[in-house]
Amino acid sequence: MEAAKNCPKIKKIICLKSGLLPEGSPDVILPRKIIDFKTIKHLQPELSQWNQVEINSERDIFLLPYSSGTTGPPKGVMITHKNWNTMVPNFSSFFTHEVLPYINKENVTTTDDPQLLFLPFYHIFGVGALMCNLFMGITTVTMPKYDFEMMCKTIQNYKVRMMFMVPPVFIHLKNNVINYDISSLEMIFLGAAPVSKEAMIACQKRLPHLKKVMQGYGMTEVVMASHANTLKENFPYDSIGRPILFVVDCRTRK
C-alpha cells in the first residue's frame with residue numbers, strides 16, 4: 001500500500017502471499033484494495049485448472065533479444081530458460097559479493113541504495129541489469145528513455161549511488177554542463193563498448209565523488225556479461241576484468 005500511494009490509477013492489488021504470519025496461521029485481514037489470490041481462486045476455481053505447458057529448459061526459447069550490431073547486422077539471439085536462469089543468479093552473486101561492499105568501504109552500498117536504469121529493456125544490457133536488480137532486491141529507478149538533463153535530475157532527486165552505463169552517456173557526463181547535484185553517484189559500471197583510460201581518469205577528476213569506474217565485457221550470445229572487474233582489488237582502468245562465466249563441455253559437463 002505504501003508503494004501505491006503515489007499511483008492513484010492502481011485500483012486493486014492482488015497478494016499472492018502476505019508473509020505477515022507464519023504458514024498455518026489464521027487468514028490475515030488484508031487492507032482495503034488488496035485481494036488475496038486464494039480468494040480469487042475460490043471465486044473462480046477454473047483458474048486452478050489451467051493446462052501447464054511442458055518445456056525443455058535447455059532447448060526452449062525464453063527470450064529473443066536482438067544484438068546491437070557492433071560487428072555486423074543485428075541478429076536475433078535465442079536465449080533459453082536455462083541460459084537466463086544461469087546468468088541472473090551468477091551475475092547477481094558476483095555483484096553482491098565482489099562489487100557492492102567495496103564501492104565505499106566507509107559507507108557501504110547496499111541493495112537499499114537506489115540504482116538508476118535508463119538502458120532500453122529490449123537490449124540485453126538493459127533487461128539483464130533490470131532482472132538482476134529484481135533478483136537482488138536493489139531499489140531501482142527507471143527512465144522511459146535517455147535524456148541527459150532528466151538523468152542528472154533523477155540522480156539528484158533519488159540520491160542514486162550506482163549506475164550501469166554505456167560509453168556515449170559516460171562521455172556526456174565527462175563533457176556536458178551539469179545543472180544538478182549528482183554528488184551521490186559513486187560507481188559506474190560501463191559496458192557495450194570500450195572506454196579509454198584517459199576518458200575514465202578525466203571523468204573521475206571532474207567528478208571526485210565518483211569512487212569507482214569499471215568496465216565489463218559481454219554480448220547478447222552470452223546473456224549479458226562474461227567478464228567484469230572485482231572491486232576487491234585494484235585493476236587497470238582499461239581492463240574488462242576476469243571471466244565470471246566458465247566454459248563447459250556440453251557432453252562431459254566438465
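The values are calculated or read from the model by the stated rules, or taken from the named source; none is laboratory data. What you see is a predicted model; the values in this text were computed from it and never measured. Quick reminder, even Gly has a Cβ in these numbers, built from the backbone with ideal geometry, and neighbours come from all protein chains shown.
Key figures
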quantity	calculated
Any hit, region 117-127, residues being touching a Leu at 6+ places or on another chain (Cβ under 9 Å), in contact (Cβ under 8 Å) with a residue 40 or more places away in the chain and small (Gly, Ala, Ser)	no
Output for region 95-126, where each listed residue is surrounded by fewer than 18 Cβ atoms within 10 Å (Cβ to Cβ) and not polar (S, T, N, Q)	His97, Pro101, Tyr102, Lys105, Glu106, Val108, Asp112, Pro120, Phe121, Tyr122
Test set (1) over 20 Å from Ala129 (Cβ atoms); (2) modelled with pLDDT under 90; (3) among the acidic types (Asp, Glu) - Asp181 fails condition number	(2)
Helices (runs of 4 or more DSSP H) contained entirely in region 110-199, each with at least 1 residues that are within 18 Å of Tyr217 (Cα to Cα) and under 17 Å from the mean Cα position of the chain (by Cα)	124-136
Residue that is farthest from Val127 (Cα to Cα) [pool: residues in region 200-230 that are in contact (Cβ under 8 Å) with a residue 24 or more places away in the chain and of a type in the set (S, T, N, Q)]	Thr230
Breaking point among (1) in contact (Cβ under 8 Å) with a residue 40 or more places away in the chain; (2) within 24 Å of Val108 (Cα to Cα); (3) surrounded by 17 or more Cβ atoms within 10 Å (Cβ to Cβ), for Leu190	(1)
Residues (among the acidic types (Asp, Glu) and either over 30 Å from Asn85 (Cβ atoms) or modelled with pLDDT of 75 or more (or both)) located in region 37-60	Glu54, Glu58, Asp60
Single residue of region 200-219 satisfying the filter (assigned to a loop (DSSP other than H, G, I, E, B) and among the hydrophobic types (A, V, I, L, M, F, W, C)) that is farthest from Leu63 (Cα to Cα)	Leu207
Hits in region 224-254 (condition: more than 21 Å from Leu100 (Cβ to Cβ) and touching a helix residue (DSSP H, G or I) at 6+ places or on another chain (Cβ under 8 Å))	Pro236, Asp238
Number of the exception - Pro114 against (1) in contact (Cβ under 8 Å) with a residue 40 or more places away in the chain; (2) under 24 Å from Val195 (Cα atoms); (3) in contact with a strand residue (DSSP E or B) (Cβ under 7 Å, 6 or more places away or on another chain)	(2)
Boolean, Val88 is in contact with a Cys (Cβ under 7 Å, 6 or more places away or on another chain), at pLDDT 75 or above and β-branched (Val, Ile, Thr)	yes
Residues within region 130-165 that are of a type in the set (Lys, Arg), surrounded by fewer than 18 Cβ atoms within 10 Å (Cβ to Cβ) and closer than 26 Å to Pro101 by Cβ, tallied	1
Qualifying residues in region 220-254 (those that are assigned to a loop (DSSP other than H, G, I, E, B) and small (Gly, Ala, Ser)) - the one surrounded by the fewest Cβ atoms within 10 Å (Cβ to Cβ)	Ser239
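Residue-by-condition table, conditions (1) modelled with pLDDT under 90; (2) surrounded by fewer than 10 Cβ atoms within 10 Å (Cβ to Cβ); (3) out of contact with any strand residue (DSSP E or B) (no Cβ under 9 Å at 6 or more places or on another chain):
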residue	(1), (2), (3)
Cys7	yes, yes, yes
Ile13	yes, no, no
Gly19	yes, yes, yes
Val28	yes, no, no
Ile35	yes, no, no
Asn83	no, no, no
